[in-house]
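Undergrad: Structure in structure tokens, see below.
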Ligand SMILES: [Fe+2]
Ligand SMILES: [Fe+2]
């Protein structure tokens with residue numbers, strides 16, 4: 001972020017949060033992530049094998065650090081090729097957090113008490129871990145479909161963002177005296193991946209264009225509540241996540257549209273049909289139309305099937 005940012009472009013609380021974020025998350029020091037206790041893993045020759053390696057890593061921080069390493073290696077053209085490697089049906093995970101049905105996940109008011117804020121951050125931290133897994137699964141599972149290099153660039157870049165998001169939230173949970181795994185989390189998150197495992201177009205229709213777009217709807221309200229509780233440290237982290245999630249929705253939609261173009265199908269109608277077929281819940285309003293528009297995802301897609 002530039003120092004030349006006009007003073008009136010954010011209200012004072014957002015400005016404070018953004019200043020904090022700028023000071024704490026500008027340097028992406030990969031080398032600092034690997035120490036004697038957390039040694040640098042060896043990488044395989046191909047991107048798909050590396051993606052499966054990340055999926056098979058059970059410890060969440062290890063998975064996130066490995067994801068950052070794979071991303072850097074890909075961006076420096078370190079892999080021989082995309083290659084092939086088939087992921088298992090479910091990514092590896094540790095015994096904690098305990099997985100429970102969505103209704104049993106602890107929900108508390110977001111206020112000055114630490115309990116509510118840690119419950120929120122824990123739920124988000126779990127979603128970010130799931131998002132890392134989804135990226136590597138998309139990369140490895142569909143290599144039989146010829147996709148341009150830009151597709152892999154995008155998904156590796158998104159995995160890198162999600163890994164950073166997970167680590168940022170792990171760090172914040174620890175600052176607040178908790179940790180990822182300390183609370184129950186819900187077990188429904190992999191369902192969207194499972195039902196779309198044979199269809200890349202359906203995977204793109206659901207994961208970035210339903211689930212991540214939903215994140216755009218709910219995150220601004222969470223940021224506001226954290227700011228009202230004067231937890232600018234947490235709100236700043238969500239602020240970064242929000243901005244980056246806009247780009248994930250945009251990139252997912254771009255590749256969805258490429259597949260529609262290849263098949264000669266109309267994207268809006270195709271998306272609506274796939275959502276009705278594969279998405280278990282409803283596409284819930286109210287929508288953050290402004291955020292969705294920034295992701296180049298217009299209401300013509302989701303408006304007609306809202307809350308059905
Ligand atoms: Fe994320
Ligand atoms: Fe994302």
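Undergrad: How many of the residues in region 155-190 are more than 11 Å from residue 122 (Cα to Cα) and within 14 Å of ligand 1 (Cβ to nearest atom)?
TA: Of the residues in region 155-190, 13 are more than 11 Å from residue 122 (Cα to Cα) and within 14 Å of ligand 1 (Cβ to nearest atom).
Undergrad: Please specify each residue of region 103-129 satisfying the condition of being touching a helix residue (DSSP H, G or I) at 6+ places or on another chain (Cβ under 8 Å) and either more than 16 Å from ligand 2 (Cβ to nearest atom) or in the same structural domain as residue 228 (by TED's automatic domain parsing) (or both).
TA: Answer for region 103-129, where residues must be touching a helix residue (DSSP H, G or I) at 6+ places or on another chain (Cβ under 8 Å) and either more than 16 Å from ligand 2 (Cβ to nearest atom) or in the same structural domain as residue 228 (by TED's automatic domain parsing) (or both): 105, 106, 107, 108, 109, 110, 111, 117, 118, 120, 121, 122.
Undergrad: Filter region 223-238 for residues that are away from ligand 1 (no atom under 13 Å from the Cβ) and in a helix (DSSP H, G or I) and give the result.
TA: 223, 224, 225, 226, 227, 228, 232, 233, 234, 235, 236
Undergrad: Would you mention how many residues in region 273-286 are surrounded by 19 or more Cβ atoms within 10 Å (Cβ to Cβ) and in contact with a strand residue (DSSP E or B) (Cβ under 9 Å, 6 or more places away or on another chain)?
TA: Going through region 273-286 one residue at a time, the tally reaches 2.
Undergrad: Given the conditions (1) under 21 Å from residue 91 (Cα atoms); (2) away from ligand 2 (no atom under 16 Å from the Cβ), and given that residue 271 satisfies all but one, which numbered condition is not satisfied?
TA: (1) is the only condition that residue 271 fails.
Undergrad: Restricting region 134-147 to residues that are surrounded by 24 or more Cβ atoms within 10 Å (Cβ to Cβ) and away from ligand 2 (no atom under 12 Å from the Cβ), which is farthest from residue 263 (Cα to Cα)?
TA: Top of the filtered list is 136.
Undergrad: Would region 75-86 turn up any residue that is more than 16 Å from ligand 2 (Cβ to nearest atom), in a helix (DSSP H, G or I) and under 21 Å from residue 161 (Cα atoms)?
TA: Checked against the condition, which is being more than 16 Å from ligand 2 (Cβ to nearest atom), in a helix (DSSP H, G or I) and under 21 Å from residue 161 (Cα atoms), region 75-86 yields at least one hit.
Undergrad: Checking the structure you have, find out if any residue of region 241-262 is touching a residue at least 12 places away in the same chain (Cβ under 8 Å) and farther than 26 Å from residue 190 by Cβ.
TA: no
Undergrad: Among the residues of region 149-163, what is the count of those that are in contact (Cβ under 8 Å) with a residue 24 or more places away in the chain and closer than 16 Å to residue 262 by Cβ?
TA: Residues in region 149-163 being in contact (Cβ under 8 Å) with a residue 24 or more places away in the chain and closer than 16 Å to residue 262 by Cβ: 1 in total.
The values are calculated or read from the model by the stated rules, or taken from the named source; none is laboratory data. Please read all numbers here as calculations on a predicted model, not as lab measurements. Cβ coordinates were reconstructed from backbone atoms using ideal geometry, including for glycine residues, and neighbour counts include every protein chain displayed.
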